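The values are calculated or read from the model by the stated rules, or taken from the named source; none is laboratory data. On a predicted model such as this, the values are computed, not experimentally measured, just so you know. In this analysis, Cβ positions are derived from the backbone assuming ideal geometry, glycine residues included, and neighbour counts consider all displayed protein chains. Surface accessibility is based on the protein's heavy atoms, side chains included, excluding ligands, DNA and RNA. Shrake-Rupley method; radii C 1.70, N 1.55, O 1.52, S 1.80 Å.
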Amino acid sequence: MAGLTHPNLVVLTGAGLSAESGVPTFRGVDGLWEGYHIEEVASPEAFRHTPELVHRFYNLRRAALHTVQPNSAHHALVRLEQAWPGSFLHVTQNVDDLNERAGAKKLRHMHGELRKVRCLWCRNVMDWESDLEVTTACPICEKVGKMRPDIVWFGEMPYYIEEITQALETVDVFVCIGTSGVVYPAAGFARQAASKGAKRLIEINLESTDISSHFTERRQGTASVEVPRLVEELLTTT
Ligand code: NAD
């Protein structure tokens, strides 16, 4: 980027990044997530009223991770992370682990992770591979019935907001990939970056979104094609 020796880069990713790996996105035409109404499975109220259903939903999502692999977009973002000369932060709304399986290190899961669980009693967060049930005891405090997926549900505070806000204060290039721009606060990051003086705001998506008007560049297409192309451009012109 002409005139900037070490531009700061923030990448925001959403479900569209993993769609071509076979992880379904959230907002299909029917408004369902894998056949479930989102309020049935992704809120603290749902967990209080029907914990068995919520556990079943996330157990299925966690098990499904064994059947998918990172795609060319995940790999290209890791190449960008490793070669970018300025500061780099990848903020993902995704709860899958495809970015880390591609080698991502400077990655923040603002909505939590399928492969982590949390004990509501002792508050410890731990890695988790198997199913979670209402009868599961916490391996640390041994309390039964207090374990939940470490997923940020609707109405809960996303993780890393302070660090993300700080990165957006000085961002030069903001890239947003495969997000519908309807879930806040992530949907507000492009506007925040623009207000802080980001020079380039680039959106990659199959279609126009609710936040498209905040971007200086829009690339319509699949993440698996558009992300590697953008990464090559950024690395050769910066
Ligand atoms: P979303 O499902 O609301 O929107 C997905 C967006 O990606 C859409 O705008 C769609 O046009 C675009 N898209 C779909 N396929 C694409 C492709 N191949 N290339 C480029 N763009 C493509 O997703 P969101 O905005 O991330 O919000 C959904 C919430 O649900 C997130 O907060 C997340 O926590 C959760 N979620 C996570 C996963 C995951 O971990 N992979 C999957 C589904 C939902």
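Quick notes
- When V182, V171, V227 are checked against the criterion of being touching a residue at least 60 places away in the same chain (Cβ under 8 Å), assigned to a helix (DSSP H, G or I) and either away from the ligand (no atom under 14 Å from the Cβ) or not aromatic (F, W, Y) (or both), V227 stands alone in meeting it.
- Residues of segment 191-210 that are open to solvent by 40 Å² or more (accessible area, probe 1.4 Å), near the ligand (Cβ under 10 Å from one of its atoms) and either modelled with pLDDT under 95 or farther than 14 Å from S18 by Cα (or both): E207, S208, D210.
- Single condition A104 does not satisfy, out of (1) open to solvent by less than 20 Å² (accessible area, probe 1.4 Å); (2) under 17 Å from V54 (Cβ atoms): (2)
- Evaluated against (1) within 15 Å of the ligand (Cβ to nearest atom); (2) closer than 27 Å to G155 by Cβ; (3) surrounded by fewer than 16 Cβ atoms within 10 Å (Cβ to Cβ); (4) of a type in the set (S, T, Y), S213 falls short on exactly one condition, (2).
- For N59, the requirement of being within 12 Å of the ligand (Cβ to nearest atom) and either in a loop (DSSP other than H, G, I, E, B) or modelled with pLDDT of 95 or more (or both) is not met.
- Total residues in segment 125-160 satisfying the condition of being within 14 Å of the ligand (Cβ to nearest atom) and open to solvent by less than 50 Å² (accessible area, probe 1.4 Å): the figure is 6.
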